[in-house]
Amino acid sequence: MLAGKPVYRWSLDTFLSDSRVDRIGLVLPSDHIETIAASAPEDDRLMLVEGGSDRTASVRNAVEALGPAADDIILVHDAARPGLQTQTITALLDGMKAYDAAAPALPVIDALKRRADETLQTVDRSDLYRVQTPQAFKAGILASALADKSGSFVDDLEAVEALGARAALV
């Protein structure tokens, strides 16, 4: 719970309030689907999807359940990040006008060190970013990136980058 609401509802409510969002796949562990179904808002756009064994499998399940057209845009978001704002969705959609994928990113401002044996080296952070979610993708590219069921990625952006997709940081 966060400020009287389940954490996932903050993000879900943001997506539900955006008229540009046609469908929402809320990915859940199988043992939570019944509980969430009982308390989820009634909206024809919302579909509860059983998660997979890891993040990549869970996103794959959602893409398959939603059945998007290849040129549809899919936003993949972690419900554990409840601060989603409509402005972020707008920035992502704007980024998708010229790219295959887009992700919100913040420049790294912390000092970074690399330890090599007992020696510390300062890492140049001038071109480093902290990538966040939601991440936006052309559905066909994301589906292709996730088709290899043996692959597991840090995030979905890594999966589409492995195919050579161009991504915008917004």
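The values are calculated or read from the model by the stated rules, or taken from the named source; none is laboratory data. These figures come from a predicted structure and were not determined experimentally. Cβ: placed from backbone, ideal geometry, glycine included. Neighbour counts: every protein chain shown. These area figures cover heavy atoms from the full protein model, side chains too; ligands, DNA and RNA do not enter into them. Shrake-Rupley method; radii C 1.70, N 1.55, O 1.52, S 1.80 Å.
Which residue, Glu42, Glu50, Glu158, tops the fluctuation ranking in a GNM of the chain built on C-alpha contacts under 10 Å?
Result for the chain, Cα springs under 10 Å: Glu42 fluctuates most.
What's the FRET efficiency of Arg115 with Ser144 using the Cβ-Cβ distance as r and R₀ = 35 Å, to the nearest 0.05?
E between Arg115 and Ser144, to the nearest 0.05, is 0.40.
According to a simple spin-label model (label point 7 Å from Cα along Cα-to-Cβ), what is the distance in nm between Asp124 and Leu169?
1.4 nm
Nearest 5 is fine: what % of DSSP beta bridges in the chain come out antiparallel, could you say? If you can, show how the numbers build up before the last one.
On the way: 15 of 23 bridges.
If we restrict to bridges inside the chain, about 65 percent are antiparallel.
Classify segment 14-96 from the C-alpha gyration tensor, please: rounded if a/c falls under 1.5, else prolate or oblate depending on whether a/b exceeds b/c.
Prolate, because a/c is 1.5 or more and a/b exceeds b/c.
Rounded to a whole number, what % of the accessible area of the chain do carbon and sulfur atoms account for, probe 1.4 Å?
C and S atoms contribute 50 percent here.
Around Glu50, what is the net charge, scoring Lys/Arg as +1 and Asp/Glu as -1 over all other residues with Cβ under 15 Å from its Cβ?
Within the 15 Å Cβ shell, the charges total -2.
Pick the calculated Cα extents along the principal axes in Å for this structure from (i) 56, 38, 33; (ii) 49, 49, 28; (iii) 48, 33, 28?
Among (i) 56, 38, 33; (ii) 49, 49, 28; (iii) 48, 33, 28, the one derived from this structure is (i).
Given 0.36 nm per residue, what is the gain on full extension from Leu16 to Met47 after removing their alpha carbon distance, in nm?
Values: separation 31, 0.36 × 31 = 11.16 nm, distance 1.19 nm.
Gain on extension, Leu16 to Met47, equals 10.0 nm.
Before I look further, what does the chain give for accessible area per residue, probe 1.4 Å, in whole square angstrom?
Averaged over the residues of the chain, the accessible area is 59 Å².
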